[in-house]
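Peer 1: Let me give you the structure first, and then I'll get to my questions.
The values are calculated or read from the model by the stated rules, or taken from the named source; none is laboratory data. Since this is a predicted model, take the numbers as computed values, not measurements. Cβ placement follows ideal geometry from the backbone for every residue including glycine, while neighbour counts extend to all protein chains displayed.
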């Protein structure tokens, strides 16, 4: 049984590698065939043009009479014939190459037909041998369990990070919708030094923009709460070097900086500016978190690929005799 599992996996791996090699050959052959087919068309046009030049000189035409008068008609005809012969040889050579590539492509594609399902057969053989090794009570089974636990751990990290990044991007969008009206409100008018009042139109516009910020701030607050929850999952499974305010302090700010009541006090330009800067700081912290998690996610992705390859190589090389 154990010998059969090993032989089955070896044969399946050989067929899989053979299929991958043929697929690469098919891709390269198609690429070369496309290039040579295009060249064949160009050479065909050149051949027709050269043939036309020779026939024109050999016929009774103004061009032919002109060269006869100059006494170089025969030389010109000979020159055009040489160019025609060269064009014909190039065209025929290209035609042969196109024909050869077409035959090679058909041979590769026919060979691939016999290897349909090679991936599935390999996965089946690999799974059977892996499960057999896991049932053994020896060092090989322990080593394989360790590698599989590592892969599971990394994939769990990957899942939590993807969820956190997704919620973080939602928070970015929500904060941007708060920032846009605040940035506009901050630029609307200025206080009159003597009266301490602004023009009515500017005042109304500012209030409208502040209300827009208030409206979007409610969703931003909720979005940041969801982001906080996902961050707590990430924080439980991996260490993220944020390079900003400590995580607990940051999360506290994320919620307090968009409190529902803060917009009500935005009746002066200085308060608008202050609130704008606070939301910008929160948005920047979210950006930093996402950047850090994205880098970590990429590293984890590479580790998962490496660990999966390590597992496959380990199972393939185990001798069950």
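Peer 1: Given the options 81, 31, name the one that is assigned by TED's automatic domain parsing to the domain that holds residue 115, modelled with pLDDT of 70 or more and over 41 Å from the mean Cα position of the chain (by Cα).
Peer 2: Exactly one of 81, 31 is assigned by TED's automatic domain parsing to the domain that holds residue 115, modelled with pLDDT of 70 or more and over 41 Å from the mean Cα position of the chain (by Cα), namely 81.
Peer 1: Restricting attention to segment 270-283, does a residue exist that is surrounded by fewer than 15 Cβ atoms within 10 Å (Cβ to Cβ) and either modelled with pLDDT of 90 or more or in a loop (DSSP other than H, G, I, E, B) (or both)?
Peer 2: no
Peer 1: Out of 162, 150, 184, report the one residue that is under 30 Å from residue 225 (Cα atoms) and touching a residue at least 40 places away in the same chain (Cβ under 8 Å).
Peer 2: None of the other options fit; the residue is 162.
Peer 1: Would you check which residues across segment 41-78 are crowded, with 16+ Cβ neighbours inside 10 Å, at pLDDT below 85 and within 58 Å of the chain's Cα centre (by Cα) and list them?
Peer 2: Those that are crowded, with 16+ Cβ neighbours inside 10 Å, at pLDDT below 85 and within 58 Å of the chain's Cα centre (by Cα): 53, 54.
Peer 1: Kindly evaluate residue 298 against the criterion of being at pLDDT 50 or above and assigned to a helix (DSSP H, G or I).
Peer 2: Yes, satisfied.
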